[in-house]
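Beneath this line is the structure, given in structure tokens, with notes to follow.
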Amino acid sequence: MNASTSCPLCAAARARGPDHLASLDECEIVLGENQGCPGWCVAILRDHVEHMDELTIDRQARVWGDVARVARAIRRVLATNGEGGGPARLNYECLGNVVPHIHWHIVPRHAGEPDLRAPVWLRSPDALRGSLAPEARQHLASRLSEAIRRA
């Protein structure tokens, strides 16, 4: 890993704490800090690379495979409240505006959210963080980890 010593995502990719869900082909998968949309996961590229186009096409495909695997797991674990099962919608975002390190947010959007069509980033910091109790967070992490292994 070409880890930047000041990059928080390099550190997160190395960590194996309670929020670590899986090690996949190219990415480490963690339960997101934000749980305003329960099940929010983040796929963090192990290498410190800022832009997807810096990866070979084969690596880009493997990164997307990791993201898709997490999405399948989220859809299997979360309540069936969207048409056809799973959450009402999954949002996929690879921004890099705040932390310039390739990482994908896989954000389940749940039926009944008052702002289902609005970008999650317009929410207040408290709304983004959510109110998932530690025990519920641990249970969700365990279920997602198992589902990712099976996806």
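Where a number appears in this text, it was derived from the coordinates with a stated rule and is not lab data. All figures in this text were calculated on a predicted structure; none of them were measured in a lab. Ideal geometry is used to build each Cβ from the backbone, glycine not excepted, and the neighbour counts take in all protein chains shown.
Label point 7 Å out from SER124 along Cα-to-Cβ: which residues of region 28-68 have amide N under 16 Å?
35-37
Over the chain, with a Gaussian network built from C-alpha contacts below 10 Å, which listed residue (ASP19, ASP53, ASP66) shows the highest mean-square fluctuation?
Between ASP19, ASP53, ASP66, it is ASP53 that shows the largest mean-square fluctuation.
Let me check against my output: what whole-number percent is the relative contact order of region 8-150, with C-alpha pairs under 8 Å and at least 6 apart? Could you put the intermediate results ahead of the total?
Values: 231 pairs, mean separation 42.3, N = 143.
Over region 8-150, the number comes to 30 percent.
Counting Lys and Arg as +1 and Asp and Glu as -1, each charge on the Cβ, what is the dipole of the chain about the Cα centre in debye, to the nearest 20?
Working: 18 positive and 18 negative charges, 106 e Å.
Here the chain has a charge dipole of around 500 debye.
Most fluctuating residue of LEU45, LEU55, LEU122 in a GNM of the chain with Cα springs under 10 Å: which is it?
LEU122
Find out how many positive minus negative residues lie around ALA151, taking Lys and Arg as positive, Asp and Glu as negative, among other residues whose Cβ is under 12 Å from that of ALA151. It would help to have the intermediate numbers written out before the result.
Values: positive: ARG69, ARG72, ARG75, ARG76, ARG149, ARG150; negative: ASP66, GLU146.
So the environment of ALA151 carries a net charge of +4.
Ordered by residue, what ³J(HN,Hα) values in Hz, to whole numbers, does region 93-103 give under the Karplus form 6.51 cos²θ - 1.76 cosθ + 1.60, where θ = phi - 60° and Gly and Pro are x?
Coupling constants for region 93-103: 9, 10, 9, x, 6, 8, 10, x, 8, 4, 7 Hz.
If r is the Cβ-Cβ distance from HIS51 to ARG143 and R0 is 41 Å, what FRET efficiency results, to the nearest 0.05?
Working: r = 33 Å, r/R0 = 0.80.
Here the calculated transfer efficiency is 0.80.
Given the rule -39500 (n - 2.57) for each run of at least 4 DSSP H residues, summed and divided by the residues of the chain, what is its mean residue ellipticity at 222 nm, to the nearest 500 deg cm²/dmol? It would help to have the intermediate numbers written out before the result.
Values: 4 runs with 50 residues, N = 151.
Calculated at 222 nm, the ellipticity per residue is -10500 deg cm²/dmol.
For the chain, set up a Gaussian network in which alpha carbons nearer than 10 Å are linked by springs, and say which option among ALA15, ALA118, ALA79 fluctuates the most.
With Cα springs under 10 Å in the chain, the top fluctuation among ALA15, ALA118, ALA79 is at ALA118.
Picking from ALA79, PRO100, ILE57, whose Cα lies most toward the positive end of the charge dipole for the chain (charges on Cβ: Lys, Arg +1; Asp, Glu -1)?
It is ALA79, whose Cα lies furthest towards the positive end.
How big is the charge dipole of region 1-72 about its Cα centre, in debye rounded to the nearest 20, if each Lys and Arg gets +1 on its Cβ and each Asp and Glu gets -1 on its Cβ?
So the magnitude is around 260 debye.
Local charge sum around CYS7 (other residues, Cβ-Cβ under 14 Å, Lys/Arg +1, Asp/Glu -1)? Spell out each step's value before the answer.
Values: positive: ARG14, ARG46; negative: GLU28, ASP47, GLU50.
Cβ neighbours under 14 Å give a net charge of -1.
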